[in-house]
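*Asks:* Dropping the structure in here first, questions after.
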Amino acid sequence: MKNFTIHEHEGVVSDKFCRISIRDFHSACKYIAGLPYKRNFDKNNILCIFNDFGGTCSTKHASLRKLAFENNQQDVKLFLGIFKMDSEYTQEIHNTLEKFGLRYIPEAHNYLKIDDEYFDFTKPNSNYDQFKNKLLIEKEIEFNEIAGEKKSFHIDFLKKWLAIENIPYALDEIWDIREQCIRDLQKNDEDEIQNFSSVCFVNSLEVRDDYKV
């Protein structure tokens, strides 16, 4: 994967990383992937992953796209894909899918395309290969489109999927099931989030050195 130096005074995301002694893209990606998976209070705030000390695929990858944009790295692109989220992809949702008689739910996911390669920094062990064969559709978006555009694209797809596949649920019902799946995914990270000290993380020389160039 390509790397580049993060320059100060190029934008709010660059400045935020520099303030915690992260000064190259590889280190920023590692830091982002290591943050707990959690929903953010205000995903329209590009700094929300720092404020909330965690984030989702949307907010994490949007911040990396914005970081690249600030440093004139236009080949780091943000993508939105709809894939088949099933228990093979993540075992945590198996019980919920089984309860409602579903093999999978089409889920919206954000990730990066850098040159001709795809990367997923949602979690430390996330990998594009985990869902590439489950992709149903994808498109490029910008860092400021992860709220409205992502949801409308997702809902439009679900409407068509419900009709074509004759799924016996209304849109609001399938959305509620999807929300339960998201809660299933987030549940495993709750202890990590509760034990995550922003003060200790930022001020720990051992941790900070791990992310330096």
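The values are calculated or read from the model by the stated rules, or taken from the named source; none is laboratory data. Fair warning: this is a prediction, and the values are worked out from it, not measured in the lab. Here the Cβ is made from the backbone with ideal geometry for all residues, glycine too, and neighbour counts use every protein chain on show. The area values use the complete protein model at the heavy-atom level, side chains included, leaving out ligands, DNA and RNA. Shrake-Rupley method; radii C 1.70, N 1.55, O 1.52, S 1.80 Å.
*Asks:* With axes computed from alpha carbons, what is the tilt in degrees of helix 25-34 against the longest principal axis of the chain, rounded to the nearest 10 within 0 to 90?
*Replies:* 50 degrees
*Asks:* Do you know the relative contact order of the chain, to the nearest whole percent, from alpha carbon pairs under 8 angstrom that are 6+ apart?
*Replies:* Relative contact order comes out at 25 percent.
*Asks:* What size of dipole, in debye to the nearest 20, comes out for region 82-144 about its Cα centre when the only charges are +1 on Lys and Arg C-beta atoms and -1 on Asp and Glu C-beta atoms?
*Replies:* 300 debye
*Asks:* Average the reciprocal distances over every distinct pair of alpha-carbons in region 25-129, invert the result, and give the Kirkwood radius in Å.
*Replies:* 14.6 Å
*Asks:* Counting Lys +1, Arg +1, Asp -1, Glu -1, what net charge surrounds Glu165 among other residues with beta carbon under 12 Å of its beta carbon?
*Replies:* +4
*Asks:* Enter the Cα centre distance for the pair region 11-57 and region 111-157, rounded to the nearest angstrom.
*Replies:* If we compute the Cα centre of each part, the gap is 17 Å.
*Asks:* Averaged per residue, what accessible surface does the chain expose to a 1.4 Å probe, in Å²?
*Replies:* For the chain, the solvent-accessible area averages 51 Å² per residue.
*Asks:* Additional query: Keeping all protein chains in the complex and leaving out DNA, RNA and ligands, what accessible area do you get for Lys150 with a 1.4 Å probe, in Å² to the nearest 10?
*Replies:* Answer for Lys150: close to 20 Å² accessible.
*Asks:* Would you mind working out the magnitude of the charge dipole of the chain relative to its Cα centre, with +1 at each Lys and Arg C-beta and -1 at each Asp and Glu C-beta, to the nearest 20 Debye?
*Replies:* So the dipole magnitude of the chain works out to roughly 140 debye.
*Asks:* To continue, here is another question. Can you pick out the pairs among Lys134/Lys187; Lys66/Lys99; Lys99/Lys123; Lys30/Lys160; Lys2/Lys187 whose Cα atoms lie more than 30 Å from each other?
*Replies:* Lys66/Lys99; Lys30/Lys160; Lys2/Lys187
*Asks:* Which residue, Leu97, Tyr37, Ser21, has the largest displacement toward the positive end of the dipole of region 1-104 when charges sit on each Cβ (Lys, Arg +1; Asp, Glu -1)?
*Replies:* The one lying farthest along the dipole's positive direction is Leu97.
*Asks:* Shifting gears a bit: How far, in degrees from 0 to 90, does helix 57-70 lean away from the longest principal axis of the Cα atoms of the chain, to the nearest 10?
*Replies:* Taking Cα atoms only, the helix is inclined about 40 degrees.
*Asks:* Which is farthest toward the positive dipole end of region 132-191 among Ile182, His154, Ile137, measuring Cα position about the Cα centre, with Cβ charges +1 (Lys, Arg) and -1 (Asp, Glu)?
*Replies:* Ile137
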